[in-house]
Each structure stands twice: as C-alpha cells, then as structure tokens.
Amino acid sequence: AIDISRLRGETGLITLDEGFVNTGSTRSAITFLDGEKGVLRYRGYPIEQLAAKSDFVETAYLLIYGELPNAEQANLFRSGIRDHTMIHEDMRSFYNGFPRDAHPMAILSSVVGALSTFYQDSMDLNDEKQVEVSIYRLIAKLPTIAAYSYKKSMGQPFIYPNNDLSYCENFLHMMFATPARDYMIDPDFAEALNLLLIVHADHEQNCSTSTVRMVGSSNANLFASISAGIGALWGPLHGGANEACVNMLERIANDGGNVEKYVAMAKDKENGFRLMGFGHRVYKNFDPRATIIRSSCEKLLNKLNLDDPLFEVAQKLEEVALRDEYFIERKLYPNVDFYSGVIYRALGIPVAMFTVLFAIGRLPGWIAHWREMHANPGTRINRPRQIYTGSTERDFLALEDRS
Ligand code: ACO
C-alpha cells in the first residue's frame, strides 16, 4: 500500500470517499474494532471484561493514559477528579439565560465551550500541566453541568456535588436530590449507569470523535474541541439515536405494539423512516455493546420488578427485524442505542437527557484521541480536499443585468 501521508498534496490526485466509508484518517492505539466479528477492545482489553470488572473512572484512565492504573495512580486520578466537581459560581448564572425548555445537549456544548473563558491557561497547549488539569476538569465537571441542565428544566435548585459519593452515585444525587429531600441511591442504579458509561467510552473514529480530532488539529484548546464533539454527537444518526429510539418505541407501543407495521415502514425508502438504534457503519454482524446492554437491561428490570412495555416492544422489534430479508441482506443489527434508553427510563432519567449521558460516557474517548493526536509529531491540520462541481469561470454581472 502507498503511504499517502507522504503524498503532500502535490500530485493533484484526490480520493473521493463520501462519508469516509473506507478512508482511514489516522493511526490510533486506543480502540480496536472488528465489525465483522463484533469485537471491541479498549487498549487491548475486551469490552465484555471491562464491563464486568472495571468502573468508569478506571476505564477513563485506561483510555487516556494507555494502561490500567495501579493503586496509587488510581487514587491520584480519582482524588484529582473529585477536586474539580464544582463549577465556578459565575457559571451558574449562564443557566438563567437559557430558556427553560432548552435541549440539555445545547446547554452542555455551550457551557463546556465556555470553560475556556474561565480557565484561560488551558489555551496554551504547550503547558502540559494545564492540559492535564483541563482533562480532570472536564471529567469532573461534565456530570455537574449536565445535572444542572436537568434541574434548570425542572425549575429546581441546583444540587452541589457530594464528593463522598462515587462518580455515578454523585451524578444520580445531583439529578434527583432536592434541598427538601435526600435521594437514596440504589446501588443497582449506580451499577447500571456505570456499565452504560463504560460501553460508551470510546468507539474509534466515529463522527463525534473525528470532530474532536478535526477541531483539535487546528490546535484549538481541549474545551473547544470537546464542545464541538458534543454538537456532533447530538445528531439522531449518531448519539441522538438513543433519544430517537425511545421515542420510536413509545410510538409503536401507543400504536398497539404492531412492530411488523414499523419494520415494513423502515424498508420503504419513500417515507424516510428508519428503525432507530438499528444498523452501524462498522458492525456488520452484531454490536457487542448492544449484547451487554440488553442483558443488563433484562437484569435491572427483573431486579426492580419493572414491566416496561417498551422493553417488550424492543425485543419483539429485534426478533421480527432480524428475521427479515431486508435487514439480513444489509447486515442491520441493534446497536448500542437500541436498549440503552430502556435502562435510562428505569433509572428515572428523562428522554432529553439520554444523549447527555452518552456524552458523559464518550468524554474519555474524545480526550484520549485529542491527546493521542497532539502527542504524534506527524500530526497536521485535518483538511480534506473536494471535487469541485460548480460553475466554470464567469464574469461578474451588474444588478441591472441579472434576470
Ligand atoms: N432502518 C432501515 N434501513 C436502514 C437502517 C435502519 N436503521 N440503517 C441502514 N439502513 C439501510 C439504508 O437505507 C441502506 O439501504 P440501501 O442499501 O437499500 O440504500 C443500507 O441500509 C445501508 O445504510 P447506510 O445509511 O448507507 O449506512 P451507513 O453506514 O451510512 O449508516 C447508520 C449507518 C447511520 C448508523 C444507519 O444504519 C442509521 O441511520 N441507523 C439508524 C440511526 C442509528 O441508530 N444511529 C446510531 C448509530 S450507533 C452510534 O452512533 C452510537
């Protein structure tokens, strides 16, 4: 194979690959993915093992620094994050300016972008210490920023972080406690959330991660790059699919649970309807994350003795679609977003917050890629080419001469 990184654009040769289906944008040592076999590994560790044995903060460390932390490193990392969970008091006033019904993803990307107004030292990318602190700040503050966006939508007072709690417990506390009433954290809830965050933590060059790398390649600071990634994640073809998927399952349940009708609709290209939470650019067998989430979902609902009609609709939909020639031929399987929403519902998390949870989970992956890119001395600004299809040269027309 030709090493195209050596062709410095002077050949006049351009590869057109719309949607970057077969274009590698970088070398990376973070995540391995085999779409044919349904394999996903972070830094060599199978996702199934991490989901069963690790916790989200440890997985974040693994993704960002390349190795599982020893006891001392783990303690330092955890306490470093705990030190930064509060947001600046002046930042709270931002929330007064947002409309009450603002989407929490819009709030999340705005407030994360604004972190660089409060921590201006973060803009010096040569200051390794500052970059390191920015990493801690982001991981620590994202759940706080997210929970405040929910409190804003409810018209409730913000709840400060409680650093005696674990990462996931703390998020649930900030979401559901009120000054009038403590929130008793169910360990099953914290465990389910922990698992969801781990399986979302990285997925190599997906749309939002590529966005973070793209923005970061101009030497934009970490906060600006992550804020852009949050915007990319919001779309329903990417992270926004978890919200769209639950809305779809609700629609089917309210329509008598007739899944066959919706499978037929998804095959009809005229109406633009797709089965949300189905299909993936890379997985052409099964999405290992969906398998993990499905079983966690079943476990949680059984434990809580909850009978969620949406879980039944989802299972039936999966069964019918997987028997259908259209889905078989195109290798369309449930993806990570198919069952995650049912778990979030069981935890009491509102639909508008689903993609926010995805962002909290994906954050370590974004940071790891941004860091890997800057550590690579060969990195150049990402700047794709195009095939121009517009007009040939023409002379300017005065206004009175235009038809
Ligand atoms: N329902 C019905 N048909 C589908 C679906 C679906 N969910 N997904 C793909 N197809 C069909 C397409 O219409 C196309 O059919 P054709 O060959 O007859 O034209 C074929 O399968 C290939 O689909 P593409 O859109 O070309 O595949 P691509 O790799 O570009 O897109 C994507 C992948 C965006 C995930 C797509 O499958 C989709 O839209 N799924 C629904 C949204 C979703 O769940 N997104 C979350 C993805 S996972 C994540 O980001 C966390």
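Things to note:
- Of 267/331; 299/331; 261/284, those spanning more than 18 Å from alpha-carbon to alpha-carbon: 299/331; 261/284
- Listed peptides 314-326, 55-67, 380-392, 220-232 appear in the order 220-232, 55-67, 314-326, 380-392 once ranked by packing, highest mean of other Cβ atoms within 10 Å at the front.
- Scanning residues 5 or more positions from residue 39 or on other chains, those with amide H under 5 Å from its amide H are 34, with H placed 1.01 Å from N in the peptide plane.
- Partner aspartates and glutamates for residue 316 [C-alpha distance under 12 Å; skip if fewer than 8 residues away on the same chain]: 260
- Between residue 123 and residue 351, residue separation times 0.36 nm minus the direct Cα-Cα distance comes to 78.6 nm.
- The ellipsoid equivalent to the alpha-carbon distribution of the range 227-345 has semi-axes of 20, 19, 15 angstrom, derived from the gyration tensor eigenvalues as √(5λ) and listed largest first.
- The fraction of Cα-Cα pairs per 10 angstrom bin, counted from 0 for the chain, comes to 4, 21, 30, 25, 13, 5, 1, 0 percent, rounded to whole percents.
- Burial ranking of peptide ranges 298-304, 95-101 (average Cβ count within 10 Å, highest at the top): 298-304, 95-101
- Furthest towards positive pole of dipole, 98, 201, 108, structure part the range 68-204, Cβ charges: 98
- Close amide H contacts of residue 333 (hydrogens built in the peptide plane, cut-off under 5 Å, sequence separation of 5 or more or a different chain): 279, 280.
- Using a simple spin-label model with pseudo-atoms 7 Å out from Cα toward Cβ, residue 391 and residue 23 lie 2.7 nm apart.
- Here the contact order of the chain, divided by its residue count and restricted to Cα pairs under 8 Å and six or more residues apart, works out to 23 percent.
- Listed by chain and number, the aspartates and glutamates whose alpha-carbon sits under 13 Å from that of residue 53, ignoring those within fewer than 8 places in the same chain, are 191.
- Within straight-line reach of residue 151, meaning a Cα separation under 26 Å, sit the following lysines at least 8 residues removed in sequence or on another chain: 141.
- Charge tally in the Cβ shell below 10 Å around residue 121, where Lys, Arg are +1 and Asp, Glu are -1, residue 121 excluded: -1
- Here the scattering of the range 285-403 is modelled by Debye summation over its C-alpha atoms, one equal scatterer each and no solvent; at q = 0.18 Å⁻¹ the log10 of I(q)/I(0) is -1.04.
- Charge dipole magnitude, Cβ of K and R +1, D and E -1 - the chain, Cα centre, debye nearest 20: 300
- Backbone N atoms of the range 360-391 closer than 19 Å to the 7 Å Cα→Cβ label point of residue 219 belong to residues 370-384.
- Hull volume in cubic angstrom per residue (convex hull over the Cα atoms of the range 343-403): 258
- HN-Hα J in Hz across the range 67-83 - Karplus 6.51, -1.76, 1.60, θ = phi - 60°, x for Gly and Pro: 9, 5, x, 7, 4, 5, 4, 5, 4, 4, 5, 4, 6, x, 5, 4, 5
- Packing-based order for 115-126, 132-143, 158-169, using average beta carbon neighbours within 10 Å, highest first: 132-143, 158-169, 115-126
- Calculated P(r) of the range 1-133 - Cα pairs past 19 Å, %: 72
Read-outs throughout are calculated quantities, based only on the coordinates presented, and are distinct from any laboratory measurement. Quick caveat, the model's predicted, so the values are computed rather than measured. Cβ: placed from backbone, ideal geometry, glycine included. Neighbour counts: every protein chain shown.
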